Amino acid sequence: MMHAEQWKKSKMKRYRSRRVRRRNITSVLFPRDLIIKVLLRLPVKSLVRFKSVCKSWFALISDPHFAISHFELAAACMERLLLYGPTEVLSIDFNAPLHDDSASVTLNLNFLPSGSYGDLILGSCRGFVLLQGGQSLCLWNPSTGIHKQVCDSPIASSAMDVMFCTFLYGFGYDPSTDDYLVVQASYDVNLDPETRVEFFSVRANAWKEIEGIHLSYMNCGDDARTGSLLNGAIHWLAYRYDASMNVIVAFDLTERSFSEILLPEGFDCQFDFCHLAVLGGFLCVHLVGCDEWPPEIWVMKEFKIQSSWSKKSVDVAFDKIPIEWFSLICSTKSGDIVGTDGSHGLVKCNSEGELLEHRSYCDDRGRSQMIVYSESLLSLPYDGDQAEED
């Protein structure tokens, strides 16, 4: 009996000693400043998981100032590709080999209306993606699950006897007001198609029409155009009907003003096969390639300078891989070009157009939509309704 009690006391003494040593080591080796420096360099996925380590880490990682510092430090290193298919949504590390299964994860979109998978991706900015599910617009951070539904536009909801065609969508950030803006342009299909432009302010939780402007743009394609975000402005391809020409329309998110950028001289803009993108930090316009003609990419080396357009042809081997076409999406850190195959797959080529990889991500009919987004812990500013979290 005495031996058992002595053994128990000895065990408790060793346990208390270990606890004291552990506390001392933690306080000496991991001061708060060092913890912050380490956490700022970790990927978003790890930080979301580390919120559950302790209360102090939860408070630190949830702090908006920490989120901003983390995003500014690592935004360029955390780009991923969102593949939005008919039945599932994937997040893909396009810098990794396409056949690396660990580079893609399935995301949850259960907050969208039932059956709305495969609708529209309308833009991305600072970690948030603008989606259209059914008739509703929604902002969503794929990294944290935070999402917010955008209220209906007054133009669309009040004009019950008028058919408005919304042909331009955009999403961006105004640093001067720390506000995210959803921008859309529409016209009455039964009357003179003068363009009406309105934007939704996330901070004010309200729509506002931009009055006093007289724009003459419309869409000559079948689908609404989504904007490309660069240099604080959203850019679209549009048809200017008063001049019978295709142009790039730019909307400055801070000034709330429009300007035009001319397309390359000699570029045959076949509207349904032409798209805008941002490639390596430069605005580019590209022609979708197929087995009848190669993809064609024009890069603007100096912003808004027409003479700086530079042509780049990509010779994709359509006879070697079963794809319908090649449409540019983005470029990797190493300079490889990534595009969609017209269905649910990705094609990766080197800078000379030589095929490196091709992978299809699902067998569903139809096609997937894809967009590049940055992982982030950022939240949305509010004056009204709060966002929800998965």
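The values are calculated or read from the model by the stated rules, or taken from the named source; none is laboratory data. Worth saying up front: this structure is predicted, and the values here are computed from it rather than measured. We place every Cβ from the backbone using ideal geometry, glycine too, and count neighbours over all the protein chains shown. Only protein heavy atoms, including side chains, enter the accessible area calculation; ligands, DNA and RNA are left aside. Shrake-Rupley method; radii C 1.70, N 1.55, O 1.52, S 1.80 Å.
Residue by residue, here is whether (1) modelled with pLDDT under 85; (2) within 23 Å of residue 79 (Cβ to Cβ) holds:
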{"position": "315", "(1), (2)": "yes, no"}
{"position": "319", "(1), (2)": "yes, no"}
{"position": "322", "(1), (2)": "yes, no"}
{"position": "338", "(1), (2)": "no, yes"}
{"position": "342", "(1), (2)": "yes, yes"}
{"position": "347", "(1), (2)": "no, yes"}
{"position": "351", "(1), (2)": "yes, yes"}
{"position": "359", "(1), (2)": "no, yes"}
{"position": "368", "(1), (2)": "yes, yes"}
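Confirm whether residue 41 is of a type in the set (Lys, Arg), open to solvent by 30 Å² or more (accessible area, probe 1.4 Å), modelled with pLDDT under 85 and out of contact with any His (no Cβ under 7 Å at 6 or more places or on another chain). In short, no.
Name every residue in the stretch 39-98 that is in a strand (DSSP E or B) and either out of contact with any helix residue (DSSP H, G or I) (no Cβ under 8 Å at 6 or more places or on another chain) or among the aromatic types (Phe, Trp, Tyr) (or both), in order of residue number.
Within the stretch 39-98, 79, 80, 81, 82, 83, 84, 89, 90, 91 meet the criteria.
Checking each residue in the stretch 99-112 for being open to solvent by less than 50 Å² (accessible area, probe 1.4 Å), part of a strand (DSSP E or B) and farther than 20 Å from residue 333 by Cα picks out only 107. Residue 180 falls short of the stated requirement of being open to solvent by 30 Å² or more (accessible area, probe 1.4 Å) and at pLDDT 95 or above. Of 216, 244, 259, all but one fail to be of a type in the set (S, T, N, Q), closer than 21 Å to residue 305 by Cβ and surrounded by fewer than 17 Cβ atoms within 10 Å (Cβ to Cβ); the exception is 259. Meeting the requirement of 1 or more residues that are under 20 Å from residue 273 (Cα atoms) and under 15 Å from the mean Cα position of the chain (by Cα), the strands (runs of 3 or more DSSP E) wholly within the stretch 328-382 are 369-374.
Within the stretch 63-79, can one find any residue that is in contact with a Ser or Thr (Cβ under 8 Å, 6 or more places away or on another chain), among the acidic types (Asp, Glu) and open to solvent by 60 Å² or more (accessible area, probe 1.4 Å)? The answer is yes; a qualifying residue exists.
Each row is one residue, and each column tells you yes or no for (1) of a type in the set (Lys, Arg); (2) within 22 Å of the chain's Cα centre (by Cα).
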residue: 198; (1), (2): no, yes
residue: 219; (1), (2): no, no
residue: 231; (1), (2): no, yes
residue: 240; (1), (2): yes, no
residue: 255; (1), (2): no, no
residue: 266; (1), (2): no, no
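Of all residues in the stretch 270-293, those satisfying the criterion of being open to solvent by 20 Å² or more (accessible area, probe 1.4 Å) and not aromatic (Phe, Trp, Tyr) are 270, 272, 275, 276, 278, 279, 280, 281, 290, 291, 292.
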